[in-house]
Amino acid sequence: MIFKIYLICSILAGLLAWPFFYWHLRSRGRGESFLPRLGFKLPDAPPLAGAPRIWIHGVSVGEILAAVPLVQELKICLPQAAFIITTGTETGQAVARKHFGPMGALVCYFPLDLPWAVRRYLNYLQPQLFIDLESEIWPNFLSQAHGRGVPLALVNARLSDKTFRRYLKYNRYIIDIINLIDIIITGSREDYQRFRELGISPHKLHFAGNLKCDRLPRAQDLEEGGMSGAEPSWAAQLGKQNHPVFLAASTHPGEEEVVLQAYQSLLAPYPALLLLLAPRHPERSAELGRLLERHGLPWQLWSRLKSGQQTRRQPVVIIDTIGDLFLLYGLADITFVGGSLIPHGGQNILEPAAWGRVPLYGPHLHNFRWAQAILEEAGTGLLVHDAPSLAAAAQNLLDHSELRQTLGFKAQSALTQHQGAARRQARLIAELVVGGGG
């Protein structure tokens, strides 16, 4: 009964709510995904060569980057496989094309959970295995794919505090949908236990570690320069040799004001401090430029510095590109990771840890509790709540370079201990393929 109600609601939503969806995309300066996600524009010809044909879906940038090591390991376990990579956002699509296009994968958008859109994509792409990353549950898609005999996997599976409470409350309505999935591989022991409490059968539930740890390079790889080929030129373009660098990464509306207040406090003891302001959505660069002007802070765009169009003359640089953030962590002395001072749920606080940097973050990390636990168990990572505490924590690290290095080494070492998830998850998926879907 509940699925029939959902089916009717999804049909009505597709028929009546498409103008809002279009407005939502266009208001953010986008629109490329509108027709594909409604199922009215199918992707280019699917990669027919190879078997099994594996469809991997990640909603946005974080999930797509986490899929990179998984696909690399799946190529080892299933060397004849062909890959389809889908995303739900246009920023995620750009990152997927960059990373998976050279691998020969078909990269396209994931359809909205509308019956006709799902049917068209399944008919066209004809997957032989579907892998969903993290937490998206789409009843129409899962039901249709299951009905066609497509094995279904949920990997790096997680349940945020809010989602877990909601699933527990409505468990009798959603458990049949979740049980359509043949294998669920969690990224943390806490998530494993949460799925058990929902009533997921132990034979289909596994814990294998988090892909977002595994996709980050090991300390020795960074030291050997494998991930830092662009760093020397970028350091020169930013004038890092003579300036400490404060990187505020993946920030959201409401957080930049706090960051700027903290930065202006830090200018008294560190007048040469350079601020790199990297919004989660680079299209907000013009908005941030206006905010900086209200604070009396001159700024430049990173894209113009990186391309050599300008030299760095201003104290603030807005990072308006996609795909550069991870390497920029390697240039920073102080790192704050956004999405955490507001009730957004956080962003990946382990990326600076991979470089031996101490992550500073706010209290709202319900999507990254597993990462917070890794850092705090190692005695590193610093929690801040507002501009004064952010400024105080940053100044303490700048004042005491030995403390900064010690905590950074602990963060890097803690991350290394958790790597290897991609190999473990790929082997479980390969077993699913061999077993014919459980």
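Out of Gly147, Gly104, report the one residue that is outside the structural domain of Ile322 (by TED's automatic domain parsing), surrounded by fewer than 21 Cβ atoms within 10 Å (Cβ to Cβ) and on the phi > 0 side of the Ramachandran plot.
None of the other options fit; the residue is Gly104.
Given (1) buried (at least 19 other Cβ atoms within 10 Å of the Cβ); (2) under 23 Å from Leu398 (Cα atoms); (3) without any contact (Cβ under 8 Å) to a residue 60 or more places away in the chain, where does Leu297 come up short, assuming only one miss?
Here Leu297 clears every test but (1).
Does any residue of segment 406-425 turn out to be assigned by TED's automatic domain parsing to the domain that holds Asp191, of a type outside the set (Lys, Arg), in contact with a strand residue (DSSP E or B) (Cβ under 6 Å, 6 or more places away or on another chain) and assigned to a helix (DSSP H, G or I)?
Checked segment 406-425: at least one residue is assigned by TED's automatic domain parsing to the domain that holds Asp191, of a type outside the set (Lys, Arg), in contact with a strand residue (DSSP E or B) (Cβ under 6 Å, 6 or more places away or on another chain) and assigned to a helix (DSSP H, G or I).
If you take just the strands (runs of 3 or more DSSP E) that sit entirely in segment 300-361, which of them hold at least 1 residues that are over 25 Å from Leu216 (Cβ atoms) and either in the same structural domain as Ala272 (by TED's automatic domain parsing) or among the charged types (D, E, K, R) (or both)?
Filter on segment 300-361 gives 316-318.
Could you tell me how many of the residues in segment 252-273 are over 26 Å from the mean Cα position of the chain (by Cα), part of a loop (DSSP other than H, G, I, E, B) and farther than 15 Å from Pro298 by Cα?
Qualifying residue count for the region: 3.
Among the listed residues Phe141, Phe130, Phe195, identify the single one that is over 27 Å from Arg37 (Cα atoms) and either surrounded by fewer than 22 Cβ atoms within 10 Å (Cβ to Cβ) or in contact (Cβ under 8 Å) with a residue 12 or more places away in the chain (or both).
Phe195
The values are calculated or read from the model by the stated rules, or taken from the named source; none is laboratory data. What you are looking at is a predicted structure, and each value in this text was computed from that prediction instead of being measured. In this analysis, Cβ positions are derived from the backbone assuming ideal geometry, glycine residues included, and neighbour counts consider all displayed protein chains.
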